[in-house]
There are 2 protein chains.
Amino acid sequence: MFRAVRKLGHMPALPVEESERRSGPLLDHLARRMRLRSESVLAPLGLRPRHLVALTVLRDSAGISQQALAGTLQIDGTNVVGLLNDLEAEGLVERRRSPEDRRRHVVSLTATGAKRLREAECALAVAEDEVLGALEPAERDTLYDLLRRATSGRPVSCVEASGDEPDPIC
Amino acid sequence: MFRAVRKLGHMPALPVEESERRSGPLLDHLARRMRLRSESVLAPLGLRPRHLVALTVLRDSAGISQQALAGTLQIDGTNVVGLLNDLEAEGLVERRRSPEDRRRHVVSLTATGAKRLREAECALAVAEDEVLGALEPAERDTLYDLLRRATSGRPVSCVEASGDEPDPIC
DNA sequence: ACGGATCGTTTGTGTAGCGCCAACCATTTA
DNA sequence: TAAATGGTTGGCGCTACACAAACGATCCGT
């Protein structure tokens, strides 16, 4: 119905409604739903969503340093300590001093950690079914692959943005 | 192919590494990165990630009631009030009393709201490029579509979980 | 017409997640 | 030997919520 909205100086007709297709907000939205649902099924296992994220990352990149972990997780180093304390207290994760640089802690999943992670993932299936109910199994599969690939990229680290000024666009 | 997962009980040698393919944690992880990046590019527009989510939802389901909004957003009704206050104060959104039920407020995007949303989405492109750098443009497109479909489902509302007992699995 | 339920709103309380700062040890590096 | 670095601890503060209580306006069933 409405939506004529074109106005704006010139700007020819444009059917608007194209809406840019930004996945950021959708990602946020879906992640929130998933997180809320996950909390309940994870609680019995003594884990919280953020623990799961950490464990998942640790499985993929074994023997990572704490500060590298802070990088990929994008949380402050001091908070990584607390997070790992939780996990280590339950024997899911192991801190060892690095041989080449004895200041560093090399973090890795223990056997029971890997096991617990699998259990959690399995329990998560329930939550996932609720949240991704609108998707076919095949679609969920490709979604998983895309997320996997997207997250496995380099830690984004800190603004490698040299002297860029990409603003003027738009 | 994969997914032999036999385990159970003894668990012989198991090559493990099969890992269940749960997208929950990945979703969480990716959303966090995106949110962190988005905050900075959104700030100049006076918006925060959560406002963007709300606006996005509002664009798709125009004329929604506040409590329905609370449902899709999965946040408490009282918090929706504050959220809408922010948006209405900037004229991005409009509350009107519903004609058929005058208790209800019908919320909808204003013209300037839609405009601001598009601007924000455009600005978001920068953040998205950083975060989704590992994906090809075509892949980002399918990701968007999947997220779109996944979020457009019914509000999940509250546990329509009748007398289900899907736990025993796993 | 009355009473109970419902929608939105306000106010207040509590909690969790997290950034950030400062101090401190152990270690590495210049 | 002096500085820089990785981890740890403790503390401060903010933001996002959830939850509860109370209120006005309104709807609805009897």
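Determine the total buried accessible area between chain B and chain A, counting protein heavy atoms only with a 1.4 Å probe; round to the nearest 100 Å². Walk me through the numbers on the way to the answer.
Values: alone 12480 and 12670 Å², together 18230 Å².
Answer for the B-A pair: about 6900 Å² buried.
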*Can you list, shortest first and in nm, the gaps between the label point of A:GLY63 and those of its counterparts in the other copies, using a point 7 Å from Cα in the C-beta direction?*
6.3
*How many Cβ atoms of partner chains, on average, are near each residue of B:118-125 if near means within 10 Å of its Cβ?*
5
*Got the B:ALA134 label distances to the other copies yet, label 7 Å along Cα→Cβ, in nm, shortest first?*
2.6
*Which whole-Hz ³J(HN,Hα) couplings does segment A:127-140 yield from phi under the Karplus relation 6.51 cos²θ - 1.76 cosθ + 1.60, θ = phi - 60°, glycine and proline marked x?*
4, 5, 4, 5, 6, 9, x, 7, 10, 5, x, 5, 5, 4
*List the residues whose amide H sits under 5 Å from the amide H of B:VAL106, counting only those 5 or more places along or on another chain, with H placed 1.01 Å from N in the peptide plane.*
B:ARG96, B:ARG97, B:SER98
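The values are calculated or read from the model by the stated rules, or taken from the named source; none is laboratory data. A quick note: this is a predicted structure, and the numbers were derived from the prediction, not measured. Glycine gets a Cβ as well: all are built from the backbone with ideal geometry, and neighbour counts include every protein chain shown. Heavy atoms of the whole protein, side chains included, go into the accessibility calculation; ligands, DNA and RNA do not. Shrake-Rupley method; radii C 1.70, N 1.55, O 1.52, S 1.80 Å.
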